[in-house]
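What follows is a short report on a single structure.
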Amino acid sequence: MKYTVNEKGFYGKFGGAYIPEMLYPNVEELRTNYLSIIYEPEFQLEFSKLLKDYVGRPTPLYLAHRLSEKYNTRIYLKREDLCHTGAHKINNTIGQILLAKRLGKNKIIAETGAGQHGVATATVCALMGMECTVYMGQLDIERQRPNVERMRILGAQVVPARSGNMTLKDATNEAMRHWINNPSDTHYIIGSVVGPHPYPDMVTRFQSVISEEIKAQLQQAEGNPYPDHVIACVGGGSNAAGAFYHFLEDEHVNLVGAEAAGKGVNSGESAATTALGKTGVLHGSKTLLMQTEDGQVVEPYSISAGLDYPGIGPLHAHLFDTQRVQFLSATDDEAMEAGIELSRTEGIIPAIESAHAIAVLNQLKPDPDDVVVINLSGRGDKDLETYIRWGKY
Ligand SMILES: *Cc1c(COP(=O)(O)O)cnc(C)c1O
């Protein structure tokens, strides 16, 4: 198992738990309990029942006829856009809230940038009757009004972070501080495969339902569970980790991560971490991140809020390092064009994050008899404003 985490929480050179000492008891409680809890038969039963009845799983694996014709290959879309709340993020928040319950926690905190993870967290807190506090940068609160109001409607308290740039990093710091001060009754739900061990592994396992379903659905549709390519966009990397997980050891399956090149990889306004990043510590783990010569985190940029992150999770850093995953990138314009293309060919308006995964088809150039699975991580409703501002349709 070359790509699973070791007992110290490392994937090759990457991972671990680089956290302040004050946070150690909280993270240690999770680390020593997460595997035994999530593999209890009763947990598995409750998790899969909620995924089915509440989230709407299994999500369809749809053979996109017209898109396939256009690229002269066989393209399936894994429809995470049809999940409740509009994206894959809910798979993880359902898993973590069930875990929190079993650890005896009755309060949940989270941080959010664009608000998507905040909404997925507020949703499961309402579902379970738990108190929910979401930290969000003041600037993001102003930019993401609809998601802020969604969280409030769902009963969550949205707390502005007013330090630093007043964005995601500052919200993360505030959430960490809250957790240090409330270790016994509070669980911190992290929204991607980032953060200190065991979060990257735990979130990967919750999202791995995506590739589990893809395998079964391809077996049904093609008589073979293995596609030739799996493509997924990478922000922190949770939808990609879920879509890749059950194919990691099958080296004949080509795995492709699509990053956001923003205005161009070398434009100074980009979020293409594998192209630009170096090893460093971000949000409690050793990973690849965009940084200056003296180690300051570089402010990332992408038109898509979910990919606007200065690093990638440690699993992806390892998959890049070992060349198990091929990383490509798409610019803002390429992603927007791909979003319109999917809308016009298949009648599906994708999240702009997911449109990056469509956009790299041009570079991948699959063969006519290849089976390509694209993980459609979310739907485009939340991005309507961005589509309108871009305007070229
Ligand atoms: C948040 C988000 C992403 C990016 O997060 P990952 O952890 O990289 O998956 C991608 N797509 C959608 C629709 C999102 O909401």
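What chymotrypsin sites (Phe, Trp or Tyr not before Pro) in the stretch 27-111 are in a loop by DSSP, with at most 15 other Cβ atoms within 10 Å of the Cβ?
Qualifying residues, ordered by number: 39.
May I ask you to list the GluC sites (Glu not before Pro) in the stretch 1-91 that are in a DSSP loop and have at most 16 other Cβ atoms within 10 Å of their Cβ? Walk me through the numbers before you get to the answer.
Values: sites: 7, 21, 28, 29, 42, 46, 69, 80; in loops: 7.
Hits after loop and neighbour filter: 7.
So which GluC sites (Glu not before Pro) in the stretch 120-193 are both in a DSSP loop and have at most 11 other Cβ atoms within 10 Å of their Cβ?
Values: sites: 131, 142, 149, 174; in loops: none.
Sparse-neighbourhood loop GluC sites (Glu not before Pro): none present.
Which of 2/365; 215/278; 13/169; 49/78; 8/286 have a Cα-Cα distance over 22 Å?
2/365; 215/278; 13/169
Of the listed peptides 271-281, 212-222, what is their order by residue-averaged count of other C-beta atoms within 10 Å, with the highest listed first?
271-281, 212-222
Do any cysteines of the chain lack a neighbour Cys whose Cβ is under 4.7 Å away, and which are they?
Taking the Cβ cut-off of 4.7 Å, the unpaired cysteines of the chain are 83, 233.
Under a cut-off of 23 Å between alpha-carbon atoms, report the lysines in cross-link reach of residue 392, not counting same-chain residues fewer than 8 places apart.
Cross-link targets: 70, 263, 382.
Going by a ≥ b ≥ c, the root eigenvalues of the Cα gyration tensor, does the chain fall in the rounded group (a/c under 1.5), the prolate group (a/b larger than b/c) or the oblate group? Walk me through the numbers on the way to the answer.
Values: a/c = 1.38, a/b = 1.27, b/c = 1.09.
The shape class here is rounded.
Using only alpha carbon pairs under 8 Å that are at least six residues apart, calculate the relative contact order of the stretch 302-393 and give it in whole percent.
Relative contact order, the stretch 302-393: 27 percent.
Under a GNM of the chain (C-alpha, springs under 10 Å), which listed residue has the highest mean-square fluctuation: 374, 358, 38?
It is 38.
Which of 23, 50 comes first, and how do the rest follow, when ranked by fewest Cβ neighbours within 10 Å?
Fewest to most other Cβ atoms nearby, the residues stand as 23, 50.
Whole angstrom only: what separates the Cα centroid of the stretch 45-59 from the Cα centroid of the stretch 69-124?
One Cα centre to the other: 12 Å.
Given only helices, namely DSSP H runs of n ≥ 4 each adding -39500 (n - 2.57), what is the per-residue ellipticity at 222 nm of the chain, to the nearest 500 deg cm²/dmol?
-12000 deg cm²/dmol
Counting other beta carbons within 10 Å of each Cβ, put 184, 270 in order, fewest first.
184, 270
In the chain, with Lys and Arg counted as +1 and Asp and Glu as -1 at Cβ, which of these residues, 366, 189, 279, has the Cα nearest the positive end of the dipole, that is, farthest along it?
189
For 99, 35, 45, which order do you get if you count the other beta carbons within 10 Å of each Cβ and list the fewest first?
Arranged by neighbour count, lowest to highest, 99, 35, 45 become 45, 35, 99.
Label points 7 Å out from Cα along the Cβ direction at residue 365 and residue 66: separation in nm?
For residue 365 paired with residue 66, the spin-label model returns 2.7 nm.
Between residue 22 and residue 297, what's the calculated FRET efficiency when r is the beta-carbon distance and R0 is 30 Å? Round to 0.05.
The formula returns an efficiency of 0.85 here.
At 7 Å along the Cα-to-beta-carbon direction for both residue 37 and residue 6, put a label point, then send me their distance in nm to one decimal.
2.7
Tally the DSSP beta bridges in the chain and give the antiparallel ones as a percent, rounded to 5.
Rounded to the nearest five, the antiparallel share is 30 percent.
Computed from the coordinates by the stated procedures, all read-outs in this text should not be read as laboratory data. Quick caveat, the model's predicted, so the values are computed rather than measured. With ideal geometry, Cβ positions are generated from the backbone for all residues, glycine too; neighbour counts draw on all protein chains shown.
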